[in-house]
1. Inspect all residues belonging to segment 334-344 and state whether any of them is in contact with an Asp or Glu (Cβ under 9 Å, 6 or more places away or on another chain) and either modelled with pLDDT under 95 or among the small types (Gly, Ala, Ser) (or both).
2. Provide a single number: the residues in segment 194-206 that are closer than 17 Å to ASP168 by Cβ and not in a loop (DSSP other than H, G, I, E, B).
3. Within segment 117-131, can one find any residue that is hydrophobic (A, V, I, L, M, F, W, C), over 27 Å from the mean Cα position of the chain (by Cα) and surrounded by 15 or more Cβ atoms within 10 Å (Cβ to Cβ)?
4. Out of segment 99-133, which residues are assigned to a helix (DSSP H, G or I), hydroxyl-bearing (Ser, Thr, Tyr) and farther than 15 Å from LEU26 by Cβ?
5. Can you tell me which residue is farthest from THR38 (Cα to Cα) among those in segment 303-326 that are of a type in the set (A, V, I, L, M) and free of Cβ contacts under 8 Å to residues at least 60 places away in the same chain?
6. Got a sec? Which of ALA106, ALA170, ALA128 is farther than 19 Å from ALA45 by Cβ and either assigned by TED's automatic domain parsing to the domain that holds HIS360 or among the basic types (Lys, Arg) (or both)?
7. ARG308 is checked against (1) farther than 28 Å from LEU174 by Cα; (2) crowded, with 20+ Cβ neighbours inside 10 Å and fails just one. What number does that condition carry?
8. Specify which of the listed residues (GLY251, GLY228) is crowded, with 20+ Cβ neighbours inside 10 Å and either at positive phi or touching a residue at least 12 places away in the same chain (Cβ under 8 Å) (or both).
Amino acid sequence: MKGQEKDNPLREKVMRATASAGLQALMVAGPDNFVYLTQSALPYAPNLPNRRALAVVTPEGQGAVVCPYEWADLIREQGWEGLLFPYPESATTKPLLDETDRALAALDVTHGRVGIDARRTPQSLVEACANRWRALEWLGCDELLRGLRIVKTPGELERLQTAARHTDRAIIALMHHSEGMVDAVSYALAEMSERLRVHIGEYGGSAAGHLAVLQGLDAQQIYLPPRGRLVPGNLVRVDISNEYRGYWSVGGRTLVVGEPTKAQLRSYEDLLLLNAAAVGMLRPGVAAHHVFDAVCARADREQIPFWREIGVGHGLGTAEREAPFLNATDPTPLAEGMVVALDIYGYGPQRELVHSVDTHVIEADGCRRQSWYRSWDRLNRLAGASARHG
């Protein structure tokens, strides 16, 4: 993505926060924080813990990246204009530390306080930094990074909305491929899963993460490998997480094969009632746990069971799940510019987990839904064939 536009508000926000904290530099090792500071996504970095990339930024707006050679060109192609120090991968951290030494020297970070994302950085690397650069004071800055990331800039909002639209379009295209499933030969769930992943790329997404297509009793689980073919009468839950230029969407929709029963329709209508209770609370100043409380109150009043333990949603950004968390314990006040995924799990007639996930951005007077490419205010049927993708 050569020549991607710069997110100057984000850069300026990081500069101000770093200066206010009295830091000479901020250095991050967590893949999500790396994306945030560099606006460069690394392919499958969370699954490669031994392949480490560091980003260092200063209050003056200077920056350096230390990364394996394999990622260097990719970072440049995504628009990184700061210093770049690639290193050969090794069984030891010496090449990484040697190039970090060069990066710190180039940025004139020789003494003072350096913030790190301590919860994302291996303790062995933290200790190696402390031993190697004794003139620097290494401070955990996870809360500073949380505060930066939780409210999005306009550029971040655009990327998050694009990712959410990719999610919805991919699921709609999947529905259009439901050919023949009312006949003897029906649609294999493994094929559905693969087409869902492919559609993300076709619509411009950068990668897919969690992927599940489950029906019937299998849908009682969060994840199982897809198996079998669509069976008329079953509820089908389609889940996917996907990212666009480092920013994530999580999505899921519940469908029915053929004509729904009254019990299936009722379970979906109950879910929409709980979703509406949450949406009614999404406005600035409301504590995250009060959103959860409102959903619980509606569920108790209407006698609607749902999976309470995991909460009713969470924030989105450079990670699939990040603050705020809409659960029983998070007191974070919602604020304009936050983005949350509402993800309430209700139950179908066979205790299937049913949900309909939507992404919302908090605005001055409430919230705005980012994810609807079509209406999901009813239980959608898989009942026919279409050559169209979306």
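The values are calculated or read from the model by the stated rules, or taken from the named source; none is laboratory data. If you're wondering where the values come from, they're calculated on a predicted model, not measured in any experiment. Reconstructed Cβ throughout: ideal geometry from the backbone, glycine too, with neighbour counts over all protein chains shown.
1. Checking segment 334-344: at least one residue is in contact with an Asp or Glu (Cβ under 9 Å, 6 or more places away or on another chain) and either modelled with pLDDT under 95 or among the small types (Gly, Ala, Ser) (or both).
2. So the count comes out to 8.
3. Taking every residue of segment 117-131 in turn, at least one turns out to be hydrophobic (A, V, I, L, M, F, W, C), over 27 Å from the mean Cα position of the chain (by Cα) and surrounded by 15 or more Cβ atoms within 10 Å (Cβ to Cβ).
4. SER124
5. The residue in question is ILE304.
6. Of ALA106, ALA170, ALA128, the one residue that is farther than 19 Å from ALA45 by Cβ and either assigned by TED's automatic domain parsing to the domain that holds HIS360 or among the basic types (Lys, Arg) (or both) is ALA170.
7. Among (1) farther than 28 Å from LEU174 by Cα; (2) crowded, with 20+ Cβ neighbours inside 10 Å, the lone unmet condition for ARG308 is (2).
8. Going through GLY251, GLY228 in turn, just one is crowded, with 20+ Cβ neighbours inside 10 Å and either at positive phi or touching a residue at least 12 places away in the same chain (Cβ under 8 Å) (or both): GLY251.
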